[in-house]
1. Looking at Glu331, Glu307 in this structure, which one is assigned by TED's automatic domain parsing to the domain that holds Thr159, surrounded by fewer than 23 Cβ atoms within 10 Å (Cβ to Cβ), at positive phi and over 17 Å from the mean Cα position of the chain (by Cα)?
2. Tell me which residues, restricted to region 218-232, are under 23 Å from Cys133 (Cα atoms) and touching a helix residue (DSSP H, G or I) at 6+ places or on another chain (Cβ under 8 Å).
3. I'd like the residue in region 271-299 that is closer than 15 Å to Arg251 by Cβ and part of a strand (DSSP E or B) and, out of all such residues, is nearest to the chain's Cα centre (by Cα).
4. List every residue pair whose Cβ atoms sit under 6 Å apart, with the two residues 6 or more apart in sequence or on different chains, where the first one lies in region 344-357 and is farther than 15 Å from Asp168 by Cβ and the second, anywhere, is of a type in the set (D, E, K, R).
5. Can you tell which of Asp284, Asp248 is in the same structural domain as Tyr220 (by TED's automatic domain parsing), modelled with pLDDT under 95 and surrounded by 15 or more Cβ atoms within 10 Å (Cβ to Cβ)?
6. Can you name the residue in region 210-245 that is surrounded by 16 or more Cβ atoms within 10 Å (Cβ to Cβ) and of a type in the set (D, E, K, R) and is also farthest from Glu354 (Cα to Cα) among such residues?
7. Report whether or not Thr190 is buried (at least 20 other Cβ atoms within 10 Å of the Cβ) and assigned by TED's automatic domain parsing to the domain that holds Ser330.
Amino acid sequence: MHNAVNRATAVLMLIFISVMSVMLFFGHKDKRSERENRELAALPDVGLSAMRDGSFAKDLEHYTADHFPLRDKLIAWDASIEAQISERIVNGVYITGDRLIDTGASDRESADRSAEAINRFRENYSGAVYFVCVPTSSGVYAESLPPYMQKNTESRQITALYSSLSQDIRRVDAYNILKMLNENYVFYRTDTKWTSYGAYCVYRTVIQKLGFSPTAYDKYTIDHVTDGFRGDLYNRSQYSGVKPDIMDIYRCSGGAEVLGCVGSDEQGNTYERQLYDKNGLDSDYKYDMYMGAPLPLVKLTTSVNNERKLLVITDDFGACFVPFLTQHYSEIDVVRPSEMSGQMSSIIDPDKYEQVLFLFGIDSMSDSTIYEKLG
């Protein structure tokens with residue numbers, strides 16, 4: 001009897017492995033995981049050199065992991081189980097009752113180098129420079145994290161970064177603005193970035209620093225375009241127990257209009273863009289609705305008749321922030337250093353603008369693309 005059970009188990013295991021192998025190597029293969037917002041590994045080529053140096057085995061392992069049958073369901077199931085039986089951390093994402101929080105820490109040394117690069121930019125630029133460092137949700141909702149994760153808080157990191165900046169760079173304290181309002185919907189539940197409302201709350205202070213009166217909130221018509229946004233924290237954790245997010249479009253009733261929105265790459269190719277592109281809602285990452293998928297440069301012209309020009313140097317946080325600025329400037333140019341391979345000076349001349357606004361999330365300040373490309 002015992003031998004019969006062993007033989008039956010062995011046969012079932014062999015059938016299972018055979019079926020999985022057939023599905024793995026002959027089933028349909030996606031090139032990209034929409035849920036994880038990344039490219040999946042391709043089947044590696046068999047080569048003598050790859051076999052010798054071990055890269056074939058490593059690439060095959062990545063391919064197998066990325067295309068394992070029922071992979072998405074297994075990852076989501078694993079995330080749900082881990083959240084219930086462990087410390088509720090999945091792939092660096094802390095799971096609370098109502099939101100996901102990034103547990104990663106910024107690189108202080110790299111952030112200091114970014115500050116040095118911005119100081120050098122200031123020395124070579126004759127206009128006024130403004131700087132906004134935006135916390136992630138892990139900073140604004142730090143009290144939701146275990147105490148041992150709160151030692152090197154984003155508040156301290158931002159304070160240290162600001163103290164490293166030149167005295168004549170005008171800073172805006174976005175952290176305390178958002179912290180005071182954290183019971184409101186200022187950050188997405190499944191993404192590290194702020195909502196349009198969070199961006200508006202900081203805009204009110206920034207625009208006063210820039211010399212204008214903010215547009216009143218009741219002047220805006222708000223369109224809830226989707227309630228199914230799952231952001232980068234969901235992509236990392238695959239945990240579906242947190243409610244998806246709402247994405248909004250803010251339009252100023254009777255206000256200035258955007259007359260032109262043109263993006264360009266480093267080769268000089270241009271692309272018609274929109275301030276809000278609803279086609280982005282059908283893309284792998286719905287956040288691309290805000291000004292479209294990132295490009296090195298986007299030039300905006302508006303119906304504001306004051307001949308004021310602003311240069312915004314930013315990361316993802318700028319995408320839903322820039323629309324509020326269109327009520328105050330006739331021209332706004334938006335530069336994304338992370339999308340450039342060369343120096344910023346190859347696509348834009350900062351001296352053509354009377355004001356430059358740096359707006360970055362604290363995580364981006366530890367990214368070498370910031371301080372390497374401001375020349």
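The values are calculated or read from the model by the stated rules, or taken from the named source; none is laboratory data. Quick caveat, the model's predicted, so the values are computed rather than measured. Cβ: placed from backbone, ideal geometry, glycine included. Neighbour counts: every protein chain shown.
1. Just one listed residue meets the conditions, Glu307.
2. Taking region 218-232 first, the residues under 23 Å from Cys133 (Cα atoms) are 231-232.
Gly231 - this is the single residue of region 218-232 that is under 23 Å from Cys133 (Cα atoms) and touching a helix residue (DSSP H, G or I) at 6+ places or on another chain (Cβ under 8 Å).
3. Only one residue fits best here, namely Tyr290.
4. If the second residue must be of a type in the set (D, E, K, R), the pairs left are Met344/Lys373; Tyr353/Lys309.
5. Numbers: Asp248 fails: modelled with pLDDT under 95.
None of the others qualify; the one that does is Asp284.
6. Selected residue: Arg236.
7. Values: buried (at least 20 other Cβ atoms within 10 Å of the Cβ): yes; assigned by TED's automatic domain parsing to the domain that holds Ser330: yes.
Yes.
The rows are residues; the columns are (1) within 24 Å of Asp98 (Cα to Cα); (2) in a helix (DSSP H, G or I); (3) over 22 Å from the mean Cα position of the chain (by Cα).
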{"residue": "Gly198", "(1), (2), (3)": "yes, yes, no"}
{"residue": "Tyr203", "(1), (2), (3)": "no, yes, no"}
{"residue": "Gln208", "(1), (2), (3)": "no, yes, yes"}
{"residue": "Ser213", "(1), (2), (3)": "no, no, yes"}
{"residue": "His224", "(1), (2), (3)": "yes, no, no"}
{"residue": "Gly228", "(1), (2), (3)": "yes, no, no"}
{"residue": "Arg236", "(1), (2), (3)": "yes, yes, no"}
{"residue": "Ser240", "(1), (2), (3)": "yes, no, no"}
